[in-house]
Amino acid sequence: EVSRGDVQTCTWWRAPVIWEGMFDAALYDQTHAKEGSSVALTVFAVGRYLDAYLETFLTSAECHFMLALPVTYYVFTDAPEKVPQVALGPRRSLKVIRVPKHSRWQDVSMMRMKAISDAIESDIRHRCTHVFCLDVDQEFTGRFGPEALGESVALLHAYYYNLPKWLFTYDHNPGSRAHMDTGDFYYHAAVFGGSWRSVKALTESCYQGITEDKRNGVEARWHDESHLNKYFWLHKPSRVLSPEYCWDRQIGDRKAIRVARLQWAPKHYNTLRQA
């Protein structure tokens, strides 16, 4: 591993922060292939999000995501018959899991924690060593390889990684299970992962927090993302991904970003989030 002087490359608890220029890509590919690593990629495509984003997400993943390893896509959707037929490379497969449609996008975003946990228990743990959970409204635009794999993987939010801590939008409501006064970083729920065991623990914990909040008539500020930040504060990730792994073209300051590996698709919330 080499280092970079312009960005933080290590957390105070000694977890690497992965940036371009810090790793030998071929070495990671060989090592994980030798170790027999395999990856489940979960994505939710519910309501209009399926039509708007899923095909681009999958076709771009086929060009850039974990190309050295076996990958199984787990597409969670309320409309299995509308999942596009995408040409998959060797050792790559796709499974469709039906989920109920919720009228509020917040409920969709929170329900995914339980759905992922259930899928890990019933299927993923028997066929994959690692799991990555991604939002569908994104497009792969550069290598997203085994250098991103670890026991427990969090992503620095592209809008916050350069900001002072007091601007981080943690949930400050003491009545919520996601409540935090401070933290280490602000993590983005659009990308998280790890071994199947650690992702199962994370999704179960977040789902329990969400359920308890619901019983108490509380909703965390940023829904499942608030609970994810609380979880990673209490259980430090072993690997942290730089914003290269989920970048937004709208951000002006991109000095540190040499490669955008995954990018936010243009958002059309006003039409997409109608029931």
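Going by what's in this entry, would SER122 be described as at pLDDT 95 or above, open to solvent by 10 Å² or more (accessible area, probe 1.4 Å), out of contact with any Phe, Trp or Tyr (no Cβ under 6 Å at 6 or more places or on another chain) and polar (S, T, N, Q)?
Yes; evaluated as a whole, the condition is true for this residue.
Collect the residues in the range 170-188 that are charged (D, E, K, R) and open to solvent by 50 Å² or more (accessible area, probe 1.4 Å), keeping them in residue-number order.
Once the filter is applied, which keeps residues that are charged (D, E, K, R) and open to solvent by 50 Å² or more (accessible area, probe 1.4 Å), the range 170-188 yields ARG177, ASP181.
Can you tell me which residue is nearest to ILE18 (Cα to Cα) among those in the range 197-218 that are among the hydrophobic types (A, V, I, L, M, F, W, C) and surrounded by 23 or more Cβ atoms within 10 Å (Cβ to Cβ)?
Going through the qualifying residues, I end up with VAL199.
Return only the number of the condition from (1) modelled with pLDDT of 95 or more; (2) in contact with a Leu (Cβ under 7 Å, 6 or more places away or on another chain) that LEU149 does not satisfy.
Of (1) modelled with pLDDT of 95 or more; (2) in contact with a Leu (Cβ under 7 Å, 6 or more places away or on another chain), only one is false for LEU149: (2).
What are the pairs with Cβ atoms under 8 angstrom where one residue, in the range 143-169, is within 17 Å of TRP19 (Cβ to Cβ) and open to solvent by 20 Å² or more (accessible area, probe 1.4 Å) and the other, located anywhere, is acidic (Asp, Glu) and not in a strand (DSSP E or B)? Sequence gap at least six, or different chains.
ASN162/ASP253
Only one residue in ARG221, ARG258, ARG254 is surrounded by fewer than 20 Cβ atoms within 10 Å (Cβ to Cβ), over 15 Å from the mean Cα position of the chain (by Cα) and closer than 28 Å to VAL71 by Cβ, so which one is that?
ARG258
The values are calculated or read from the model by the stated rules, or taken from the named source; none is laboratory data. From a predicted model like this one, the values you see are computed outputs, not experimental measurements. Quick reminder, even Gly has a Cβ in these numbers, built from the backbone with ideal geometry, and neighbours come from all protein chains shown. Side chains are part of the model used for accessible areas, which takes the heavy atoms of the whole protein and leaves out ligands, DNA and RNA. Shrake-Rupley method; radii C 1.70, N 1.55, O 1.52, S 1.80 Å.
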